[in-house]
Amino acid sequence: MPKGRPRFEKVEDELRLLQRHAPIYETLEGRIKADPAMAWLGKKLGVWQVTTAYPLAMQIAASELADGDKMTLARLIYSYIVRRALSGLTAKNLNKVFQSLTQRFVEDGVSLEVFTAYFAGRDGDSTRFPNDEEFQRGILSQPAYRLAPSARIKDVLWELENASKSALAERVEMPDGLQTEHVLPQSWTSDWPFEDAVDRSRYDGDPASEERDRMLHTLGNLTLITGGLNISSGNKSFAEKKAKFAEHTGLFLNKWFVNKEAWAEGDIRQRGEHLALAAPKIWIGLEESK
């Protein structure tokens, strides 16, 4: 109720608005598919548990924008959430950002230009839209497994799986039962030698051991496998784990390990750099949207 005045002059007006937005809400919730862009965005917002973006999504869906522009805005909302998470930036203010963007759309209209202009000059940790450089730096250095736990990190890895496929490969929904796997295990042992061949333990306080414990949670050391394979691979040596990958998984993400003889910090960094190059094409930035 702005400034003490009713938002609608008549109840009928409010009911008409609710009726207009009901199919959009149902689409975001996955119950119907009235709008492909909103159906896709709703699924992503559900995984990341960011339903505070619903009002913004409803404005986009109800606008007169072309379908392509609606999809681009949907991708930007998703990218904003994922880029901030993998860059190690807080998610606490997302609701305020989306509320503010909603108001900007009310004032200036729904468009890509208004969306991108909103973030111009907003470089604070609580609101900024990470550029490619910050995003890629986060992928290489931030503990993605902890920053995007559970279904969120699986969503990230599945998007990277799809990006790893050839143009001829079939695109399918993520199957049930996939789990996130640390290639170099969290409880690593002497079966996972260091590149300098020095024998170290997890709790010896050695800087190299501490660096390993930091790096093993980065995206370069994470992959997807079935639950059964997860149980059977565990903390076994890389040679044994690689054999399990080759025998039981057809995921493109895991083809990376086929020709590797060992797996240590340099290998994690190399794979991380590869994924960091692919990531901005999946989670587009403001520049890519123009």
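Using a probe radius of 1.4 angstrom, the carbon and sulfur fraction of the accessible surface of region 200-290 is 55%. Annotation: average projected area of the chain is 18.3 square nanometres, based on the convex hull of Cα atoms across all directions. Kindly flag which residue pairs out of K92/K255; K96/K165; K154/K255 have an alpha-carbon separation exceeding 29 Å in this structure. Listed pairs above 29 Å: K92/K255; K96/K165. Note on region 193-228 and region 35-65: Cα centroid distance 38 Å, given to the nearest whole angstrom.
Give me the net charge of I139's neighbourhood, meaning all other residues with Cβ under 12 Å from the Cβ of I139; Lys, Arg count +1, Asp, Glu -1. Taking every other residue near I139 into account, the sum is 0.
Quick check: pseudo-label points 7 Å beyond the Cα along Cα→Cβ at S237 and V114, how many nm apart are they? Here the answer is 6.2 nm between the modelled labels.
Per residue, the accessible area of the chain comes to 53 Å², computed with a 1.4 Å probe over protein heavy atoms only.
Projected label points at E64 and Q186, each 7 Å from Cα along the beta carbon direction, are separated by 5.3 nanometres.
Relative protection proxy for 221-227, 50-56, from highest mean packing down: 221-227, 50-56 (other beta-carbon atoms within 10 angstrom). In this structure, the residue pairs whose Cα-Cα separation is over 26 Å, taken from K43/K236; K242/K281; K33/K70, are K43/K236; K242/K281.
The dipole here belongs to region 32-177: it is taken about the Cα centre, uses +1 on the Cβ of Lys and Arg and -1 on the Cβ of Asp and Glu, and is about 500 debye. Neighbours of T51, meaning other residues whose beta-carbon lies under 15 angstrom from its beta-carbon, give a summed charge of +3 when Lys and Arg score +1 and Asp and Glu score -1.
The values are calculated or read from the model by the stated rules, or taken from the named source; none is laboratory data. Keep in mind that this is a model prediction, so the values were computed, not measured. Neighbour counts are summed over all protein chains in view; Cβ atoms, including those assigned to glycine, are modelled from backbone coordinates with ideal geometry. Just the protein is used for accessible areas: all its heavy atoms, side chains included, with ligands, DNA and RNA removed. Shrake-Rupley method; radii C 1.70, N 1.55, O 1.52, S 1.80 Å.
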